[in-house]
1. Using Cβ counts within 10 Å as a stand-in for footprinting exposure, how do 333, 432, 257 rank, fewest first?
2. What does the extension gain come out to for residue 461 and residue 339, with contour length at 0.36 nm per residue minus their alpha carbon separation?
3. Test of understanding: ordering 254, 13, 297 by Cβ neighbours within 10 Å, fewest first, what list do you get?
4. Which order do peptides 66-76, 87-97 fall in by mean Cβ count within 10 Å, highest first?
5. How much length is gained on full extension from residue 358 to residue 245, taking 0.36 nm per residue of separation minus their Cα-Cα distance?
6. Between residue 186 and residue 259, what FRET efficiency follows from the Cβ-Cβ distance if R0 is 51 Å, with the result rounded to 0.05?
7. Calculate one ³J(HN,Hα) per residue across segment 470-486 by plugging θ = phi - 60° into the Karplus curve 6.51 cos²θ - 1.76 cosθ + 1.60, and present them in order as whole Hz with x for glycine and proline.
8. Just order 102-112, 399-409, 340-350 by mean Cβ neighbour count inside 10 Å, highest at the front, would you?
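No lab work stands behind these numbers, since they all come straight from the coordinates. Everything quoted here is computed from the prediction, not taken from an experiment. Neighbour counts are summed over all protein chains in view; Cβ atoms, including those assigned to glycine, are modelled from backbone coordinates with ideal geometry.
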Amino acid sequence: MPDFTTDRVAFTHREILRVFSGVALAMLMAAMDQTVVATALPTMGADLGSLENLPWVVTAYMLASTATTPIYGKLSDLYGRKRILQIAIWLFLAGSLLCALAQSMVQLIVFRGLQGLGGGGLMALAFTIIGDVVAPRERGRYQGYIGGVFALASVAGPLLGGLFTEKLSWHWIFLINLPIGAAALVMTNRALGRLPTGIARPRIDYLGAALLMGAVTSLLFVVSRGGTMVSWTSPTVLGLGAFGVALLVAFVWHERRVAEPILPLPLFRIPVFTVATPVVAVSAMTLFAGIVFLPLHLQLVLGTGATASGLLLLPLVFGMTFGAVGGGRLIARSGRYKIFPIVGLGLAVAMYLVLGLAGSVAGNPLWSTLVLVPLGVGLGLVMPVMTVAVQNAVDRRDLGAATASVGFFRSLGGSAGVALFGAVLTWDVSRRLSAAGLPDLNPRDVLEHGTSVLATLPPVARGAALNAFAGAFETLFVLAAALGLVSLVMTLFLEELPLRSAKPAEE
């Protein structure tokens, strides 16, 4: 099998920092874009006159980015990281510019899909490139920094989105990507020149890529839209679900028979990979319970504004950054990694239980800090560690595919988590509203349009509705704690291999 062509000379610390700066900037652009857009969605729908199709602005990006994540990983193994990352940046920038120029909702949805094609590569390749230049024992430190970038984007995005939408226009949330992307292109063009350039005669598994994209797109549509836009028992959902499963079976059958599979199935024979990927998926579900639904809880139940809710989430971001960066440094110092996700998930479970039993503490700045900082630390200790564990366990020629697979399962878990928590929240609120004598109030209207719907109710009915939402959010946080416990139990089976001290170029 042809191997990578590279000069095999180790990177200096200065070169590593230059590489890290370029990929971190590209990842910040992609991570922040998702949260920026969410804030501006109502304004986009009103401006383009198509509120009913608004969810597709998010869904189009999610489907494209998730389906292409493992493909980017394999292509970077075949053609080299620099070329594939820069293609992803160009696609993302082209999609951003077209989104800013969109004149209709259909155009915006299509261009968001194009933007997602680039976004999937930015998220996947950032972790892979760090794995190319840093020894596994030191890798956790840099993976932690990237985790901190993601945490920062989770709160900075909504704040910037609200600022651009209110002071300028929603078009600027896409235009701001152009200077950031241009800087990322310049930095990566210089910094990534010495990365592996790929194999001599790459063979692309086009059929495998098509089968995987079709399967993931079909199943993600079912998970994200089923029960909300389309009934679970509708022919569309049932048909797409069956079609997605059939494509997935065909993909597995095909991947066992090709020389360069998109997702190498032998990876699933590696115990660390087999445990880490479901842990990442379930942990991502618990992560999104905080990032997506805590702001909703603050705005709907406690009556805080969009900006105030973003500020109240800063302790969560600080905690995630501290957990990711601090955990990476401790891994580099100790050479051990298994203990950190165990401790992190234990913290997350405990703090979600506190929110589930007394969710109103999130509205008090002092109590919010005491709960959300440990929650963030716990969540920050999980994702980067699992990436380090997988990269340390796989062969170097599969580094891109393995790292992208971790990102793929993280995206799947996040999407499934948002859908699951949304369905549970809607069901529980409906049940509580019926018990309170308000069966005609649709929870989805409140979730989509905010407190303006509740403001039209009489005071007594408004109080009953707020109590229903408060109780449902507490149920949601208890569910997040239960999922965190499941992830914790799975982590106990993670094999801890000695972290290699040699850099990839020295091996």
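1. Details: 333 11, 432 20, 257 8.
The order, fewest Cβ neighbours first, is 257, 333, 432.
2. Working: separation 122, 0.36 × 122 = 43.92 nm, distance 4.87 nm.
That works out to 39.1 nm of additional length.
3. Numbers: 254 17, 13 7, 297 25.
With the sparsest Cβ surroundings first, the list reads 13, 254, 297.
4. On the way: 66-76: 27.5, 87-97: 21.5.
In descending order of packing, they fall as 66-76, 87-97.
5. On the way: separation 113, 0.36 × 113 = 40.68 nm, distance 4.05 nm.
Separation in residues times 0.36 nm, less the Cα-Cα distance, equals 36.6 nm.
6. Values: r = 36 Å, r/R0 = 0.71.
Calculated value: 0.90.
7. 4, x, 5, 5, 5, 4, 4, 5, 5, 4, 4, 5, 5, 5, x, 5, 4
8. Working: 102-112: 18.4, 399-409: 27.5, 340-350: 23.1.
Result, highest mean first: 399-409, 340-350, 102-112.
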